[in-house]
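Report on the structure given below.
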Ligand code: SF4
């Protein structure tokens, strides 16, 4: 990274990295960035959902000490909480950071745990976006300016044009599986004998909070089981972030 990288130059930095590495994906991309170009400045967010084991496996092959941010919204399936422990042990991840919503926000704005029904955007705001903003701000202050996500083109039409390297307001975002197909993911599970999320066998293909996740019909968008019956397609954590990340020095 250049010495004087500032938030407004992140898009230029993303373009520079794309010029060098956009032809890569998966493990070679992670080896180039986690193991070299962005070493010590990059973290990972994982939902420990249906496909998460594939990305965690690749990252763990490069660096098991990379910070892994796991957002526990307090509305997750018990299976997901147990799966997080299973995968952490399986891959030997050394730095999983579990983030929760603030108790005060939950008591004040969602005392009966029904905000998902009346105002899902506000519910995601206090349970996902705000806690993630807070941890990202802390990580940014520690010098972490790049973020690996597990988003993929095939998951939904809203993700079909995703680049492997992009920038939002405050982070370089790396999407090593962007061009992976559903079959690639299945093949990776088979080849590496990765532990499956326990709900996958029950028809869940994209797994988030319990009240907002349903089974997915065969052939439908993988993420169509999230907020089914509503216009909502994203929780907001991958929209442009509001936190202020200092320059890298
Ligand atoms: S996914 Fe549903 S329950 Fe979870 S934070 Fe968003 S609206 Fe609330």
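What follows is calculated from the coordinates using simple rules that are stated; it is not laboratory data. Being a predicted model, the structure only gives us computed values, none of them experimental. Using ideal geometry, Cβ is built from the backbone for each residue, glycine included, and neighbour counts are taken over all protein chains shown.
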- Kindly put 166, 51 in sequence by how many other C-beta atoms sit within 10 Å of each C-beta, fewest to most. 166, 51
- For the stretch 11-201, what is the Kirkwood hydrodynamic radius in Å, using each pair of distinct C-alpha atoms? 17.5
- the stretch 114-176-the stretch 54-70 distance, computed between alpha-carbon centres (Å): 17
- So how far apart, in nm, are the two label points at residue 72 and residue 191 if each is 7 Å from Cα heading toward Cβ? 3.3
- Label-to-label distance, nm, for residues given as residue 20 and residue 210 (7 Å Cα→Cβ offset): 4.6
- Query: Using a basic spin-label model with each label point 7 Å from the Cα along Cα→Cβ, how many nm lie between residue 153 and residue 12?
  - Reply: 3.0
- Rounded to the nearest 5, the percent of DSSP beta bridges in the stretch 11-201 running antiparallel is 20
- Message: Run the numbers for residue 184 and residue 31: contour at 0.36 nm per residue of separation, minus the present Cα-Cα distance, in nm.
- Response: 53.2 nm
- Message: Restricted to Cα positions, what overall size does the stretch 9-84 have along the principal axes? Three whole-Å values, descending.
- Response: 42, 27, 21
- Note on the structure: Counting all Cα-Cα pairs in the stretch 84-149, those more than 14 Å apart amount in percent to 68
